[in-house]
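Let me begin by presenting the structure, written as structure tokens, before commenting on it.
Quick note: the coordinates plus some simple rules give every number you see, no bench work behind them. Since this is a predicted model, take the numbers as computed values, not measurements. Glycine also receives a Cβ, built like all others from the backbone with ideal geometry; neighbour counts cover every protein chain displayed.
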Amino acid sequence: AHIFLSEHPKTEERYICSSHDATIYDIANMIREKWPEYDVPTEFEGIDKDIPVVRFSSKKLMGMGFTFKYTLEDMFREAIETCRDKGLLPYSTTRDHIHGEHKIE
């Protein structure tokens, strides 16, 4: 979105760039399901399980012709893979999974 806006000289305002709405529970459950090798909690002290989703509108940005290309899962997959490759994230935080040089599916 930053590149898209830099290519449109009339964009001197601020734009919300939010492709997905999710709570901490949605994200934690997705990570546990897709990457079970990480011991991600699914309960958070002091945070209600029925926490409302805060929705941000990217209507103004999309009205200029911008389209989002990646899903929330895609974004996390790329972030996890990049952090693994740079040694910033271990390949596993559970004893059930063996450390290895494998790519995320």
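Which one, 62, 44, 88, projects farthest toward the positive side of the charge dipole computed for the chain from Cβ point charges (K/R +1, D/E -1)?
Most positive-ward Cα: 62.
Using the Karplus curve 6.51 cos²θ - 1.76 cosθ + 1.60 with θ = phi - 60°, what ³J(HN,Hα) values do you get for each residue of the range 85-94, in whole Hz, with x for Gly and Pro?
Computed from phi, the couplings for the range 85-94 are 4, 8, x, 8, 9, x, 6, 6, 10, 10 Hz.
Note down the nm distance, to one decimal, between modelled labels 7 Å out along Cα→Cβ at residue 56 and at residue 79.
1.2
Full-extension gain between residue 28 and residue 64, please, as 0.36 nm times their residue separation minus the C-alpha to C-alpha distance.
That works out to 9.7 nm of additional length.
Just the number: Rg to Rh for the chain, Cα atoms, Kirkwood Rh, two decimals.
Result: Rg/Rh = 1.06.
Suppose R0 equals 25 Å. What FRET efficiency, 1/(1 + (r/R0)^6) with r the Cβ-Cβ distance, do residue 3 and residue 92 give to the nearest 0.05?
For R0 = 25 Å, the calculated efficiency reads 0.15.
Taking the Cα centre of the chain as origin and charging only Cβ (+1 Lys, Arg; -1 Asp, Glu), how large is the dipole, in debye to the nearest 20?
440
Show me, for the range 13-21, the HN-Hα J-couplings you get by feeding each phi into the Karplus relation (A = 6.51, B = -1.76, C = 1.60, θ = phi - 60°), rounded to Hz, glycine and proline as x.
Running phi through 6.51 cos²θ - 1.76 cosθ + 1.60 with θ = phi - 60° gives 9, 9, 10, 7, 10, 9, 8, 9, 10 Hz.
Rounded to the nearest 10 degrees, what's the angle between the helix 24-34 long axis and the longest principal axis of the chain, both from Cα atoms, 0 to 90?
60
Could you work out the relative contact order of the chain, using alpha carbon pairs under 8 angstrom and six or more residues apart, expressed as a whole percent?
30
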